[in-house]
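Asks: Please see the structure below; I have some questions.
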Amino acid sequence: MIKGVALSILASCLFGLLYYYPVLLQPLSVVDIFCWRLLTSFPAIIVLILIEKQWSSISTLFIRIKHQPFLLVGLLFSSFLLTIQMLIFIWAPINGHGLSASLGYFLLPLSMVVFGQIFYKERLSIFQKIAVLLASIGVILEIYITGAFSWETSVIALGYPIYFMTRRKLQIEGIAGTFSDFFFIFIGCLIYFLLHYPYNQIISDLSHFHIFIPMLGIITAIAFAMYFVARRLLPLGLFGLLGYVEPVLLTIVSVLFLHESVSTKHILPYGLIWLSVCVLALEGTVYILRTVKRKRLK
């Protein structure tokens, strides 16, 4: 369990580093950085699959596509949804919207709870009801004070649940789903490079960022590897609780390294949203402690 906790936190730290990474690759455009990330990370993910001996899952996926051709449409849609999220992850920190994007990741666990109740009839615990209430008040106050709710926050908080629901519907959880998403995005990035990226531009990028571009793919693959191993080693409740580490780190990166700040008008609504996350974290902690206690009694 200690190893799983360490790996989960390290994975979150690497994703925090990737949040700042686009700054190191300027003046490359968002699309260029996105394509370089996919082109360098997909081969590393293939290596990860081979090391984890998960190729049978990929073979099963190809067999399913052969027998269910319409599945391909769903897989392409899943890749499209992930593409949007990955582009925002790159665009936000280099355009002064790092805090808004990190708020979307804070809201994500709450939106997952709400989507679960609406679409899967899951019951809300008392902690979840309090958290949803606090977050709802925070969102309403943000809209009232500013006249709008940040679009990047909304896309992250609402888009990811749709993405996860799509993967659940397609039954492509785990590393097979990650391979599928990255494979189709990789093909799209490859086509973009062939059509819009001249050979001398590729050489120029690699010469100017000869360390940063290869490391982009390596860091991405290592982060995913740690994430997958941690998920296998940890109880689901503890793994979910550690998921709150990443948005905290994204906020820290936005404030300390991207020099963004929360204006006074945002303090109350943001505070309520962050408090709602703390309530969910408290529920997770209580659940884990009870589970450990029951196991000790046995």
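The values are calculated or read from the model by the stated rules, or taken from the named source; none is laboratory data. In this text, all values refer to a predicted model and were calculated from it rather than measured experimentally. Counting neighbours? That spans all protein chains shown, and the Cβs are built from the backbone with ideal geometry, glycine included. Protein only, heavy atoms only, side chains kept; ligands, DNA and RNA dropped before computing areas. Shrake-Rupley method; radii C 1.70, N 1.55, O 1.52, S 1.80 Å.
Asks: Looking at this structure, is LEU82 surrounded by 21 or more Cβ atoms within 10 Å (Cβ to Cβ) and out of contact with any Leu (no Cβ under 8 Å at 6 or more places or on another chain)? Explain how you work it out, then say what you get.
Replies: Values: surrounded by 21 or more Cβ atoms within 10 Å (Cβ to Cβ): yes; out of contact with any Leu (no Cβ under 8 Å at 6 or more places or on another chain): yes.
So LEU82 fits the description; yes.
Asks: Quick one: count up the residues across the stretch 114-147 that are over 24 Å from THR166 (Cβ atoms), free of Cβ contacts under 8 Å to residues at least 12 places away in the same chain and not aliphatic (A, V, I, L, M).
Replies: Selection size over the stretch 114-147: 4.
Asks: Could you list, in sequence order, all residues of the stretch 52-65 that are closer than 11 Å to ILE175 by Cβ and touching a residue at least 60 places away in the same chain (Cβ under 8 Å)?
Replies: Applying the first criterion (closer than 11 Å to ILE175 by Cβ) to the stretch 52-65 yields 52-58, 61.
Listed by number, the residues that qualify are GLU52, GLN54, SER57, ILE58, LEU61.
Asks: The conditions are (1) at pLDDT below 90; (2) assigned to a helix (DSSP H, G or I), and LEU190 fails exactly one of them. Which is it?
Replies: (1)
Asks: Right, something else. Scan the stretch 108-123 for residues that are surrounded by fewer than 17 Cβ atoms within 10 Å (Cβ to Cβ) and of a type in the set (S, T, N, Q) and report the count.
Replies: Residues flagged as surrounded by fewer than 17 Cβ atoms within 10 Å (Cβ to Cβ) and of a type in the set (S, T, N, Q) within the stretch 108-123 amount to 1.
Asks: Quick one: ALA281 ticks every box in (1) surrounded by 18 or more Cβ atoms within 10 Å (Cβ to Cβ); (2) in contact (Cβ under 8 Å) with a residue 60 or more places away in the chain bar one, so which box is it?
Replies: Answer for ALA281: the failing condition is (2).
Asks: Do we find a residue being touching a Phe, Trp or Tyr at 6+ places or on another chain (Cβ under 9 Å) and open to solvent by less than 50 Å² (accessible area, probe 1.4 Å) anywhere in the stretch 284-294?
Replies: Checking the stretch 284-294: at least one residue is touching a Phe, Trp or Tyr at 6+ places or on another chain (Cβ under 9 Å) and open to solvent by less than 50 Å² (accessible area, probe 1.4 Å).
Asks: Among residues belonging to the stretch 193-212 that are assigned to a helix (DSSP H, G or I) and open to solvent by less than 60 Å² (accessible area, probe 1.4 Å), point out the one that is nearest to PHE34 (Cα to Cα). Steps first, answer last, please.
Replies: Going through the stretch 193-212, the residues assigned to a helix (DSSP H, G or I) turn out to be 193-196, 199-208, 212.
Imposing the further condition that a residue be open to solvent by less than 60 Å² (accessible area, probe 1.4 Å) reduces the set to 193, 202, 204-205.
Values: PHE193: 11, ILE202: 14, SER204: 17, ASP205: 13 Å.
The selected residue is PHE193.
Asks: In the stretch 142-154, which residues are modelled with pLDDT of 90 or more and either of a type in the set (Phe, Trp, Tyr) or open to solvent by 50 Å² or more (accessible area, probe 1.4 Å) (or both)?
Replies: Selection gives TRP151 alone.
Asks: Then there's this: Just checking, which of VAL47, VAL31 is assigned to a helix (DSSP H, G or I), closer than 19 Å to ILE94 by Cβ and either open to solvent by 60 Å² or more (accessible area, probe 1.4 Å) or free of Cβ contacts under 8 Å to residues at least 60 places away in the same chain (or both)? Give the derivation first.
Replies: On the way: VAL47 fails: closer than 19 Å to ILE94 by Cβ.
Only one candidate passes the filter, namely VAL31.
Asks: Filter the stretch 34-44 down to the residues that are in contact with a Gly (Cβ under 6 Å, 6 or more places away or on another chain) and either aliphatic (A, V, I, L, M) or over 23 Å from TRP91 (Cβ atoms) (or both) and list them by number.
Replies: Within the stretch 34-44, the first condition is being in contact with a Gly (Cβ under 6 Å, 6 or more places away or on another chain), and the residues that meet it are 40-41, 44.
If the condition is that a residue be in contact with a Gly (Cβ under 6 Å, 6 or more places away or on another chain) and either aliphatic (A, V, I, L, M) or over 23 Å from TRP91 (Cβ atoms) (or both), then ALA44 is the only one that fits.
Asks: Within the bounds of the stretch 243-262, is there any residue that is hydroxyl-bearing (Ser, Thr, Tyr), at pLDDT 85 or above, open to solvent by less than 60 Å² (accessible area, probe 1.4 Å) and not in a helix (DSSP H, G or I)? Give the steps one after another, and end with the answer.
Replies: Just the residues of the stretch 243-262 that are hydroxyl-bearing (Ser, Thr, Tyr), to begin with: 244, 251, 254, 261.
From what's left, at pLDDT 85 or above: 244, 251, 254, 261.
Pick out the ones that are also open to solvent by less than 60 Å² (accessible area, probe 1.4 Å) and you get 244, 251, 254.
Now narrow it down to the ones that are not in a helix (DSSP H, G or I): 244.
Scanning the stretch 243-262 turns up at least one residue that is hydroxyl-bearing (Ser, Thr, Tyr), at pLDDT 85 or above, open to solvent by less than 60 Å² (accessible area, probe 1.4 Å) and not in a helix (DSSP H, G or I).
Asks: Here are the criteria: (1) surrounded by fewer than 16 Cβ atoms within 10 Å (Cβ to Cβ); (2) touching a helix residue (DSSP H, G or I) at 6+ places or on another chain (Cβ under 7 Å). Tell me which single one LEU134 does not satisfy.
Replies: Of the numbered conditions (1) surrounded by fewer than 16 Cβ atoms within 10 Å (Cβ to Cβ); (2) touching a helix residue (DSSP H, G or I) at 6+ places or on another chain (Cβ under 7 Å), the odd one out for LEU134 is (1).
Asks: Would you please name the residue that is least open to solvent (accessible area, probe 1.4 Å), looking only at residues in the stretch 52-78 that are out of contact with any helix residue (DSSP H, G or I) (no Cβ under 8 Å at 6 or more places or on another chain) and in a helix (DSSP H, G or I)?
Replies: So in the stretch 52-78, the residues out of contact with any helix residue (DSSP H, G or I) (no Cβ under 8 Å at 6 or more places or on another chain) come out as 53, 56, 59, 62-63, 66-70, 73.
Filter again for in a helix (DSSP H, G or I), leaving 56, 59, 62-63, 66-67, 73.
Working: SER56: 79, SER59: 47, PHE62: 104, ILE63: 95, LYS66: 163, HIS67: 138, VAL73: 82 Å².
Residue satisfying both the conditions and the ranking: SER59.
Asks: Does the stretch 168-187 hold any residues that are buried (at least 16 other Cβ atoms within 10 Å of the Cβ) and either modelled with pLDDT of 90 or more or β-branched (Val, Ile, Thr) (or both), and which are they? Let's see the steps before the verdict.
Replies: Our first condition is that a residue be buried (at least 16 other Cβ atoms within 10 Å of the Cβ); within the stretch 168-187, this holds for 170, 172, 175-186.
Across the stretch 168-187, the qualifying residues are LEU170, ILE172, ILE175, THR178, PHE179, SER180, ASP181, PHE182, PHE183, PHE184, ILE185, PHE186.
Asks: Modelled with pLDDT under 95, closer than 22 Å to ARG167 by Cα and surrounded by fewer than 21 Cβ atoms within 10 Å (Cβ to Cβ): is that true of GLN26 in this structure?
Replies: Working: modelled with pLDDT under 95: yes; closer than 22 Å to ARG167 by Cα: no; surrounded by fewer than 21 Cβ atoms within 10 Å (Cβ to Cβ): yes.
No; evaluated as a whole, the condition is false for this residue.
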